[in-house]
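Participant: Can you read through this structure? Questions will come right after.
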Amino acid sequence: MLSEASSRFIEKWGSMGVLWGINRSMARIHAFIILSDEPVDLDSVANELEISRGNASMSLKELRNWGVIKRVHISGDRRDFYIAEPDMWNMLFNIATERKKREFDPALQALRRLLSEVDEKKERGVYGRLTELEDTIAAIDRIMQRFLGNEKASRAMLELLSSANL
């Protein structure tokens, strides 16, 4: 049985997960696994969170794809069990990497395709705005690529920036 504080965290994490681009159930499952001292199985997830086994199964698979949980085996038990990524920095880094790949990169590609189709002479204002937008997003993309290109360096950079008196 979950404590009231644990239940609140699970619900808030579920709400925040929607902002990452994942569904509420998936984020709630992730929170439940983060809070578990022992590996959890599919039935425990479904029962504790009162969701269907199918939803739990699909969400567990997707959480593994995001790199935020791991499947583990317990000797003598044929079921699959799951644990949270033990390194919280690594977990957040994986989320940022996936979000860039799933959301940011396709949006930048769509903008570039659109920009190539806009007639610069006929639509000067639109072309100018799109060019400025592409320049800005391309700069952000370069920063993200550098940040997400090396996990160890990114951790050091974040620690440096968070300790600096800016």
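Participant: Between SER162 and GLU120, take the C-beta separation as r, use R0 = 45 Å, and let me know the FRET efficiency to the nearest 0.05. Intermediate results must be reported in sequence, preceding the final value.
Facilitator: Working: r = 43 Å, r/R0 = 0.96.
Working from the Cβ atoms, E equals 0.55.
Participant: Taking neighbour Cβ counts within 10 Å as the exposure measure, how do PHE81, PHE104 sort from fewest upward?
Facilitator: On the way: PHE81 18, PHE104 15.
Ascending number of Cβ neighbours within 10 Å: PHE104, PHE81.
Participant: Gain in length, GLU11 to ARG102, computed as 0.36 nm per residue apart minus the alpha-carbon separation, to one decimal in nm?
Facilitator: Values: separation 91, 0.36 × 91 = 32.76 nm, distance 2.39 nm.
The span from GLU11 to ARG102 would gain 30.4 nm if fully extended.
Participant: I need the helices of the chain that pass two filters: whole DSSP H segments spanning 20 Å or more by Cα along the axis, and mean Kyte-Doolittle score no lower than -1.0. It would help to have the intermediate numbers written out before the result.
Facilitator: Details: long enough: 4-20 (24 Å, -0.08); 124-149 (36 Å, -0.08).
Those that clear 20 Å and a mean of -1.0 are 4-20, 124-149.
Participant: Could you check the simple spin-label distance between ASN150 and MET1, using points 7 Å along Cα→Cβ, in nm with one decimal?
Facilitator: The two pseudo-label positions are separated by 5.2 nm.
Participant: Mind running the shape call on segment 69-166? Use the C-alpha gyration tensor, a ≥ b ≥ c as the square roots of the eigenvalues: rounded below 1.5 for a/c, prolate if a/b tops b/c, oblate otherwise. Numbers along the way, then the final one.
Facilitator: Values: a/c = 5.27, a/b = 1.89, b/c = 2.79.
It is oblate, given that a/c is not under 1.5 and a/b is not larger than b/c.
Participant: What FRET efficiency would be calculated for the residue pair THR131, MET88, taking the C-beta separation as r and a Förster radius of 35 Å, to the nearest 0.05? List each step's numbers first, then the result.
Facilitator: Working: r = 40 Å, r/R0 = 1.13.
It comes to 0.30.
Any read-out appearing in this document is the output of simple, stated calculations on the displayed coordinates, not a laboratory observation. Keep in mind that what you see is a predicted model, and the values were worked out from it rather than measured. Quick reminder, even Gly has a Cβ in these numbers, built from the backbone with ideal geometry, and neighbours come from all protein chains shown.
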